[in-house]
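Undergrad: Sharing a structure below in structure tokens format, with a few things to ask.
Taken together, the values in this text are just the output of simple stated rules run on the coordinates, not laboratory data. Source: prediction; values computed, not measured. Here the Cβ positions follow ideal geometry from the backbone for every residue, glycine too, while neighbour counts run over all protein chains shown.
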Amino acid sequence: MSIPGKRPKLIATDLDGTIVADYGFISDRTIAAFTNAHNLGIEIFFVTGRPPRWMAELKEVFSFGNAICANGAMLFDLQNQRVLEEWLMPVENQILVASKLRAAMPTISFAVEFEDRFHREIAYIPRWDIGMDNVGVDRIETLMTQPAFKILARCSDGDLTSDEMLEIALRELEGIATVTHSNGIDSLLEISAVGVSKGLTLARMAERAGLSAEDCVSFGDNPNDFSMLEWTARSWAMADGHPDAVKYAKFVAEPHQDDGVAIIIEQLLELPE
């Protein structure tokens, strides 16, 4: 399939499940594709749900590029490893989120992230951050004392999937918070301030650079990528990603394990300027 249009001026990509393989590495082909794009003057944005403390390993791979972390809540200086701007959830909204979701999903438990900290309830069983806070508290509300970039909500007994949790939370949290997820086989929600998403923050950064959606392309695999896939004029859902991603993307890339993003970037770089 030939790709329409001209060479993009900005490439935005999700990380995990899109360019980061299941075994935790980025392939040489993918690194080469992004490097070639950067060398041609194309802006690169790594747009992820990851918190800043997980970005050091990306700097070891790429000596260039911009980063948007926490599903759009942070503009992050990848090379200097520091937050440049952030869009946080007020304390009163955090408490309201916990209250409403507890009523709607009685087995739910929470963690909250602000600055470089991760705090959880005892009932919240983390998959990746167990070393950050091994103790936990009975109720997360006691730690909701300052604006936060993300709330995590998990049904630790697994009685609801992420998709099922998302359906409930979208209804309960309308006008209170932005809710999404990045893992369809887990039982986990990621919750940000109202108006915060990958797509909205990417659009803000593109506008600052004098670029429009027509100048940008994006790649992603899960619901937290949908706003970004929808905003850019050309976008690719990963073939092995969430089944609903194709509703928001314009095209489909080969699976991430097969260097799907690199294959498309190689073709994009052959387009006329």
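Undergrad: Karplus couplings for segment 103-114 from phi (6.51 cos²θ - 1.76 cosθ + 1.60, θ = phi - 60°), rounded to Hz, Gly and Pro as x?
TA: 5, 7, 9, x, 8, 6, 9, 9, 9, 9, 10, 8
Undergrad: Still on this structure: Please identify which residues in segment 58-74 have an amide N closer than 19 Å to a label point set 7 Å out from the Cα of Glu85, following the Cα→Cβ vector.
TA: The answer is 65-74.
Undergrad: Please find the FRET efficiency linking Ala103 to Leu200, where r is the Cβ-Cβ separation and R0 is fixed at 30 Å, and quote it to the nearest 0.05.
TA: The calculated FRET efficiency here is 0.60.
Undergrad: Determine ³J(HN,Hα), in whole Hz, for all residues of segment 246-262 in sequence, where each value follows from phi through the Karplus function 6.51 cos²θ - 1.76 cosθ + 1.60 and θ = phi - 60°; x replaces Gly and Pro.
TA: For segment 246-262, the Karplus curve yields 5, 6, 10, 8, 8, 9, 10, 9, 4, x, 5, 5, 9, 6, x, 5, 4 Hz.
Undergrad: Another question, if that's okay. Sort Lys9, Lys198 by Cβ crowding within 10 Å, fewest neighbours at the top.
TA: Lys9, Lys198
Undergrad: Further question: Relative to the first principal axis of the alpha-carbon coordinates of the chain, what is the inclination of helix 198-208, with its axis defined by its Cα atoms, in degrees from 0 to 90 and to the nearest 10?
TA: Relative to the chain, helix 198-208 is tipped by roughly 50 degrees.
Undergrad: Hey, another quick one. Dipole of segment 91-192, Cα-centred, from +1 at each Lys and Arg C-beta and -1 at each Asp and Glu C-beta, to the nearest 20 debye?
TA: Result for segment 91-192 is approximately 120 debye, rounded to the nearest 20.
Undergrad: Which distance in nm do the two modelled labels at Leu269 and Asn39 give, with both placed 7 Å along the Cα-to-Cβ direction?
TA: So the two model labels end up 0.7 nm from each other.
Undergrad: Report the net charge of residues surrounding Leu10, where surrounding means a beta-carbon distance below 13 angstrom and charges are Lys +1, Arg +1, Asp -1, Glu -1.
TA: +2
Undergrad: If you don't mind, another one. Could you give the size of the charge dipole of the chain about its Cα centre, using +1 on the Cβ of each K and R and -1 on the Cβ of each D and E, expressed in debye and rounded to the nearest 20?
TA: 540 debye
Undergrad: What are the ³J(HN,Hα) couplings of segment 138-146, residue after residue, when phi is run through the Karplus curve with 6.51, -1.76, 1.60 and θ = phi - 60°? Round to Hz, x for glycine and proline.
TA: 5, 10, 5, 4, 5, 9, 7, 10, 8
Undergrad: When the helix-only estimate is applied to the chain (DSSP H runs of n ≥ 4, each -39,500 (n - 2.57), divided by the residue count), what is the mean residue ellipticity at 222 nm, nearest 500 deg cm²/dmol?
TA: Calculated from helices alone, the mean residue ellipticity at 222 nm is -7000 deg cm²/dmol.
Undergrad: Here's another thing I want to ask about it. Residue farthest toward the positive end of the dipole of the chain, with Cβ of Lys/Arg at +1 and Asp/Glu at -1: which of Val20, Thr161, Ile95?
TA: The listed residue farthest towards the positive side: Ile95.
Undergrad: Along the charge dipole of segment 91-192, pointing to its positive end and built from +1/-1 on Cβ of Lys, Arg, Asp and Glu, which listed residue (Phe110, His181, Thr142) has its Cα farthest out?
TA: Of Phe110, His181, Thr142, it is Thr142.
Undergrad: What does the charge count near Asp22 come to, summing +1 for each Lys or Arg and -1 for each Asp or Glu among other residues with Cβ under 11 Å from its Cβ?
TA: So the surrounding residues net to -2.
Undergrad: Let me ask something else about it. How large is the translational diffusion coefficient of segment 91-192 in µm² per second when you combine the Kirkwood radius over alpha carbon pairs with Stokes-Einstein at 10 °C and 1.306 mPa s?
TA: Rounded to a whole number, D works out at 119 µm²/s.
Undergrad: Quick check: Cα centre of segment 55-104 to Cα centre of segment 222-261, how many Å?
TA: Their Cα centres are 21 Å away from one another.
Undergrad: While we're here: Excluding Ala262 itself, calculate the net charge of residues whose Cβ lies under 12 Å from the Cβ of Ala262, where each Lys or Arg counts +1 and each Asp or Glu counts -1.
TA: Every neighbour counted, the sum reads -4.
Undergrad: Calculate how steeply helix 162-172 sits against the longest principal axis of the alpha-carbon atoms of the chain, using the helix alpha-carbon long axis, and give the answer as 0 to 90 degrees to the nearest 10.
TA: The two axes meet at around 70 degrees.
Undergrad: Could I ask something else about it? Write down the percent of antiparallel bridges among all DSSP beta bridges whose residues are both part of the chain, to the nearest 5.
TA: Around 55 percent antiparallel, to the nearest 5.
Undergrad: Would you look at the GNM of the chain, springs on alpha carbons closer than 10 Å, and say which of Met205, Met228, Met238 moves the most?
TA: Its mean-square fluctuation being the largest, the pick is Met205.
Undergrad: Rule-of-thumb check for the chain: C-alpha Rg over 2.2 N^0.38 Å?
TA: Relative to the 2.2 N^0.38 Å estimate, the chain comes out at 0.99.
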